[in-house]
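What follows is a set of notes on a single structure, which appears directly below.
The values are calculated or read from the model by the stated rules, or taken from the named source; none is laboratory data. Here the structure is a predicted model, which is why all the values come from computation and not from measurement. Virtual Cβ from ideal backbone geometry, glycine too; neighbours counted across all protein chains shown. Quick note on the areas: whole protein, heavy atoms, side chains included, nothing else; ligands and nucleic acids left out. Shrake-Rupley method; radii C 1.70, N 1.55, O 1.52, S 1.80 Å.
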Amino acid sequence: MFNVKCLNKIAKIGTDHFDPAKYTLSDTCENPEAILVRSAKMHDMTFNPELVAIGRAGAGVNNIPIDRCAEEGIVVFNTPGANANGVKELAIAALLLASRNVVGGIEWAKSHQGDTGVAALAEKEKSKFAGCEIEGKSLGVIGLGAIGGLVANAAKGLGMKVYGCDPFITVEAAWGLSRSIEKAASYDEIFASCDYITLHVPATKDTTHMINADTIAKMKDGVRIINLARAELVDSQAMIAAVKSGKVAAYVTDFITDDLLGADDRIVCIPHLGASTEESEDKCAVMAVRELMEYLEKGNIKNSVNFPNVELPHSGDTRICIMHRNVAGVLSKISTAMADAGINIENMINRSRGNYAYTIVETIGQVPEEALSKLYTLEDMIRIRVIH
């Protein structure tokens, strides 16, 4: 029986995948083998020794101490692509909000509630809220992963000329792009040539404040910028100054900060609604639960952010799942220890990611306890799980 703790409300369509004969689901469990989480902050949590996996029902994992989890042998999963369509649709809405002063018009209308002759007044005042159309304009998409690729394709379908830039694009993501998307050689090329720029990259030390006073200066006058990815990507003070000067015609972001809110009517702050759709929450829940089940029951890893993806069909009698440091000689030590114990390895797979590696060993017959004890004493071991 596996104990799973929910730190946030997780869509029932996902948790219903847990077989009650194998899983106990609770929000109060003190010694869980797995945790399901959305936005709860986990950096100050102490993890119990039984915890082996955390499933984040969403793409971002900033609320989870990834490196500490790796050191403690805890696999952290996320759900890339599950909420992509929801964010894509909000990105299209953001393009329109950046082009047409819909928000300002609505606020104006609300301010005249109770007045008479409002329709005639609106005809006189509506020019204050005039904007432009997106058809025929150029859009630069920075980051062409699950979300950025969908946004690029959708914008192309709306008649925009689309440029994409992603130095780390995967083969799978490239296959999903429309052939009509223009490849930009660098971010600077997008800055110099695009009427609109939308950001779809994670927040890292290299991308933090990638939109700043210097990069904004490289952009076209009147550029419109959309950020539904991470607040840290944009230097908010530089953005406020650029909007006030007219260099940036509009900024639409899914992240409210104290300094942005109310700074200028051309800055539109959305309260983090990117993945806030019923469909996105359902898809994320289902994917996170399936990832946890696959790991808990079979030891397979898919969509981990701190360990390599490793999958192997369970064909033997015993499966030994070994987390270890990615250093030379570990695999030979594992093989030698098992050979010395007279254990025949039926199948074996190993993958690494950065400083960490994961090895699955399939054996015929049961593995003696003394053999497992030898494995535990090997240098550079982090965690060993045995699955029958």
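Side notes on the structure shown:
- Straight-line reach from K247: taking Cα to Cα under 13 Å and skipping same-chain neighbours fewer than 8 places apart, the aspartates and glutamates in range are D195, D214, D221.
- Reach of K41 by Cα under 21 Å, taken over lysines that are not fewer than 8 positions away in the same chain: K5, K9, K205
- Ordering of 33-43, 362-372, 278-288 by burial proxy (mean other Cβ atoms within 10 Å per residue, highest first): 278-288, 33-43, 362-372
- Relative contact order, percent, segment 90-143 [alpha-carbon distance under 8 Å, six or more residues apart]: 53 percent
- Reduced Cα scattering model of segment 156-197, Debye log10 I(q)/I(0), q = 0.29 Å⁻¹: -1.13
- Taking amide hydrogens as placed 1.01 Å from N in the peptide plane, the amide H of V75 sits under 5 Å from those of A53, I54, each at least 5 positions away in sequence or on another chain.
- Charged-residue dipole, Cβ positions (Lys, Arg, Asp, Glu), the chain about Cα centre, Debye nearest 20: 800 debye
- Fraction of antiparallel bridges per DSSP, the chain only, in percent to nearest 5: 40 percent
- Oblate is the label for segment 1-77, because a/c, from the alpha-carbon gyration tensor with a ≥ b ≥ c as root eigenvalues, is 1.5 or above and a/b does not exceed b/c.
- Taking every alpha-carbon pair under 8 Å whose residues sit at least 6 apart, the chain reaches a relative contact order of 16 percent.
- A simple charge model with +1 on the Cβ of Lys and Arg, -1 on the Cβ of Asp and Glu and nothing else charged puts the dipole of segment 101-253 at about 160 debye relative to its Cα centre.
- Pair-distance distribution P(r) for the chain, from all Cα-Cα distances in 20 Å bins starting at 0: 24, 46, 24, 5, 0 percent.
- Amide H contacts of V223 (H built 1.01 Å from N, under 5 Å, at least 5 apart or other chain): A249
- For the chain, built as a Gaussian network whose Cα springs stay under 10 Å, the top-fluctuating residue of G58, G145, G136: G136
- Carbon/sulfur fraction of accessible area - the chain, other protein chains in place, 1.4 Å, %: 51 percent
- Distance from segment 77-146 to segment 175-228 (C-alpha centre basis), Å: 20 Å
- Among T253, T116, T170, residue whose mean-square fluctuation peaks in a GNM of the chain (springs only between Cα atoms under 10 Å): T116
- 30 Å Cα-Cα threshold exceeded, pairs from K124/K220; K137/K302; K12/K110; K156/K283; K156/K220; K12/K156: K124/K220; K137/K302; K12/K110; K12/K156
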